[in-house]
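Below: the structure, in structure tokens.
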Amino acid sequence: MTPSAVTVSPDEADIRLDRWFRRHFPGLPQSAVQKLCRTGQVRVDGHRADAATRLAAGQSVRIPPLPAIQPRAEQKSREIDPLVQKDLQRLVLYRDDHLIAINKPHGLPVQGGPGITHHLDALLDALRFGAPDRPRLVHRLDRDTSGVLLLARTPGTAAKLAALFRGRNIDKTYWAVTARRPLPPEGRIDLPLKRLAGGRGERTAVAEPADKEAARAITDYRTLDHAGQKLAWLELYPRTGRTHQLRVHCVAIGAPILGDTKYARPDQNNAFAATVEGLSDDLHLHARALSLPHPAGGTLVVEADLPPHMAATFRTLGFHAPPARPARRIA
């Protein structure tokens, strides 16, 4: 094999050189990529580059002789029950060549873990829609949180969306029903959070500002409706993306999310579902909308309707939620 040159496609822009290499040559270990870069055998536009170099569309990558490496083969789809596949495809809110947005159901884990065998990540082949690659997760929602979830359809799109989430360039809107009406009815929660290890798994807690493990967390909120002083419909805007941020912040302002038995404090009596006929005791937290720069240009806005248990609670309490508008891409 003689040296060759491969042009970086627009879809591959902004990914690291080592990841680009492994996508084209999946049998090549990381140590080999680093050695090739270190010895100058791999070059970008004729110049030496390290493994962490971010590529740009149109650049030329020199491929040195790699006799033991075979080009990647097309991924094979996993066998998925046709009924399960249809159910998953009904969740799609938006689809184009770059990404898919779905309305994740309450109770469906996004990824596997101890004791979890049925999860979205294992079912993503059902959402290929003829594409050579299975969709990729670029962010997560808790098992009991429903709503808008994005999937990337190509490696390049996955890198771009992940960078948007890291850079906080995506506007997120959540709806929640809380046990107690917050006072004031709208405002900003600016309380640092930290992760705690415990017998029931990791938890998130409010931290002291001086705590070295504290991470700044900001949530804006407003009350859209309320039923007396006991129950309220909140719209939440997380400005940071800490684990369980919304749940912990709502507890901090004395308005825990209905059904949140993990975080509600005993003195906040989160058992209102037992006192109002027709209310579910499931978690009432829903990712209502995402607004983000589309990888191909413009702004994509996606909204998701409430899950059945929250829709039932809204009807019981007389809250009138507008239906989700169709996904739209704004130039």
Between segment 234-248 and segment 82-120, the alpha-carbon center distance in angstrom
22 Å
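Of the chain, which part is the longest with no GluC sites (Glu not before Pro) in a loop (DSSP not H, G, I, E, B) and with at most 12 other C-beta atoms within 10 angstrom? Intermediate results must be reported in sequence, preceding the final value.
Working: sites that count: GLU74, GLU79, GLU202, GLU213, GLU277.
Longest gap between qualifying sites, sites excluded: 80-201.
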Most mobile of PRO182, PRO65, PRO307 per a Gaussian network model of the chain (Cα springs, under 10 Å)?
PRO65
The Cα extents of segment 103-158 along the principal axes, largest first and rounded to whole Å, are 30, 21, 17
Working note, segment 4-63: Cα radius of gyration (Å, one decimal) and Dmax (Å, whole number) are 10.2, 28
Using only the Cα atoms of segment 283-331, each taken as one equal point scatterer with no solvent, compute I(q) by the Debye sum, divide by I(0), and report log10 of the ratio at q = 0.19, 0.24 Å⁻¹.
-0.67, -0.86
What are the aspartates and glutamates whose alpha-carbon lies under 15 Å from the alpha-carbon of LYS262, with same-chain residues fewer than 8 places away excluded?
ASP142, ASP144, GLU202, ASP281, ASP282
At q = 0.10, 0.20 1/Å the base-10 log of I(q)/I(0) from the Debye formula over the alpha-carbon atoms of segment 174-286 is -0.28, -1.05
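Could you sort 122-134, 315-327 so that the peptide with the highest average Cβ count within 10 Å comes first and the rest follow in order?
Details: 122-134: 15.4, 315-327: 13.3.
Put in order of decreasing packing, that is 122-134, 315-327.
Anything over 32 Å Cα to Cα? Flag those among LYS35/LYS212; LYS86/LYS194; LYS104/LYS230, in the order listed. Present the calculation step by step, with values, prior to reporting the outcome.
On the way: LYS35/LYS212 37 Å; LYS86/LYS194 40 Å; LYS104/LYS230 28 Å.
In this structure, LYS35/LYS212; LYS86/LYS194 exceed 32 Å between Cα atoms.
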Between segment 146-222 and segment 284-331, the Cα center-to-center distance that results, in Å:
18 Å
For segment 141-148, just list the computed ³J(HN,Hα) in residue order, Karplus coefficients 6.51, -1.76 and 1.60, θ = phi - 60°, integers in Hz, with x standing in for Gly and Pro.
10, 4, 3, 8, 9, 9, x, 5
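Using the Cα gyration tensor of the chain, with a ≥ b ≥ c the square roots of its eigenvalues, what is the shape: rounded (a/c below 1.5), prolate (a/b larger than b/c) or oblate (neither)? Don't skip to the end; give the middle numbers.
Details: a/c = 2.32, a/b = 1.89, b/c = 1.23.
It comes out prolate by the Cα gyration axes.
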Nitroxide proxy distance, nm - points 7 Å out along Cα→Cβ at LEU224 and ILE330:
1.8 nm
Under a plain spin-label model, where a point goes 7 Å from the Cα along Cα-to-Cβ, how far apart in nm are THR39 and THR299?
5.1 nm
Pop a pseudo-label 7 angstrom from the Cα along the beta-carbon direction at both HIS320 and ASP50 and give the gap in nm to one decimal.
6.0 nm
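Readers should treat all values here as calculations from the given coordinates under stated rules, not as data from a laboratory. Bear in mind the structure is a predicted one, so any value in this text is a computation, not a measurement. Cβ sites come from the backbone with ideal geometry, for glycine too, and all protein chains shown count toward neighbours.
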